[in-house]
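J.: Structure below; questions to follow.
The values are calculated or read from the model by the stated rules, or taken from the named source; none is laboratory data. All figures in this text were calculated on a predicted structure; none of them were measured in a lab. Here the Cβ positions follow ideal geometry from the backbone for every residue, glycine too, while neighbour counts run over all protein chains shown. Protein only, heavy atoms only, side chains kept; ligands, DNA and RNA dropped before computing areas. Shrake-Rupley method; radii C 1.70, N 1.55, O 1.52, S 1.80 Å.
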Amino acid sequence: MTKKMVAFVTGGVGGIGSAICRELFQNGYQVIAGYLPAEEDVAQATLKEWRAEGADADIISGDVGNFASCVEMGKTIQQKFGVVQVLVNCAGITKDRTFKKMAEEDWNAVLNVNLNSLFNVTKQFVNGMTDAGYGRIINISSVNGKKGQFGQTNYSASKAGMHGFTMALAQEVVRKGVTVNTISPGYTETLMTKSMPADVTKQIVDQIPAGRMALPEEIAYVVGFLANERAGYITGVNISCNGGLFISF
Ligand code: CAA
């Protein structure tokens, strides 16, 4: 039997992340979902559910905002599963405030988890991919990293920064068989959007041409597409999946 390809998904037990894990294990990958130690209960429950479905799935705790923690996660994953072929950088947080009310810690926390994590996590796996001559790096950004959003100077800046990382790294590794792409989801039905004030949610959903938020599975489908071996000539691009909320070419 040929060895399954290995996929590591950060934020893998969250709303979009867990749908990505399911898409990948249903597509035949060995999947490892990363989670914060504080999410232990939900991570264990999610793993139980996946295994009951017959998934080749595992979980690993760590902090994507902490380089040393990522070194540990990288070592543990590669010792247990070998080279990782697919990395999905999905972990992300919001700390929404208007700029005038935003504290330095709101700025730093969001930039650290959403953007510095790309350095911290990707660093652990990219050399394994280039040495093996194959890899797929998929960064989950946001529509708000393309259009900006009232109350999200920190989040919009971090998500826009992901595009720069994607475009630059894509050029460095494509000759070694590694693609690097970004997906920009629109508003998606997860705990993150549920925590928005109801009036703000209504105002935003009213502006979405599709007339509704995305389902996590609709974002996960795009990950499955980019992760596919046949998508090897697509690199350095962003794929928007936002129901028409922000249309650009
Ligand atoms: N554009 C212009 N003005 C706006 C506005 C908008 N979109 N929204 C509110 N305002 C105005 C209000 O009318 C109010 O005006 P007045 O002072 O004249 O009455 C003022 O701005 C309110 O400013 P405050 O600083 O007092 O803001 P607040 O404390 O009431 O709330 C907020 C600010 C917490 C950021 C709130 O607006 C909010 O939660 N916004 C949602 C931000 C958002 O979209 N988050 C997405 C989360 S999900 C996600 O991020 C996933 C993803 O990738 C899509």
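J.: Could you grab the Rg to Rh ratio for region 140-237? Cα atoms only, Kirkwood for Rh.
T.: That ratio is 1.03, to two decimals.
J.: Can you pull out the GluC sites (Glu not before Pro) in region 26-118 that DSSP calls coil and that have at most 13 other Cβ atoms within 10 Å?
T.: Hits after loop and neighbour filter: Glu53.
J.: Something else now. Below 24 Å, Cα to Cα, which lysines can Lys146 reach? Residues fewer than 8 away in the same chain don't count.
T.: Reachable lysines: Lys95, Lys100, Lys101, Lys159, Lys194, Lys202.
J.: What is the Rg over Rh value, at two decimals, for region 50-127, using alpha-carbon atoms and the Kirkwood definition of Rh?
T.: Details: Rg = 15.5 Å, Rh = 14.3 Å.
In region 50-127, Rg relative to Rh is 1.08.
J.: When all alpha-carbon pairs of the chain are counted, what percent fall beyond 24 Å? Before the final figure, lay out the partial values.
T.: Working: 13221 of 30876 pairs.
When all Cα pairs of the chain are counted, 43 percent exceed 24 Å.
J.: Once Rh is set to the Kirkwood radius over Cα pairs, what Stokes-Einstein translational diffusion coefficient, in µm²/s, holds for region 101-177 at a temperature of 37 °C and a viscosity of 0.692 mPa s?
T.: Approximately 243 µm²/s, per Stokes-Einstein.
J.: If you don't mind, another one. Tell me, what is the 1.4 Å probe accessible area of Leu226, in Å² to the nearest 10?
T.: About 0 Å², rounded to the nearest 10.
J.: Can you give the angle from 0 to 90° between the axis of helix 40-52 and the longest principal axis of the chain, with both taken from C-alpha atoms, to the nearest 10?
T.: 60 degrees
J.: Between Lys3 and Asp131, what length in nm is gained on full extension when 0.36 nm per residue of separation is reduced by their alpha carbon distance?
T.: Here the segment from Lys3 to Asp131 would lengthen by 44.3 nm.
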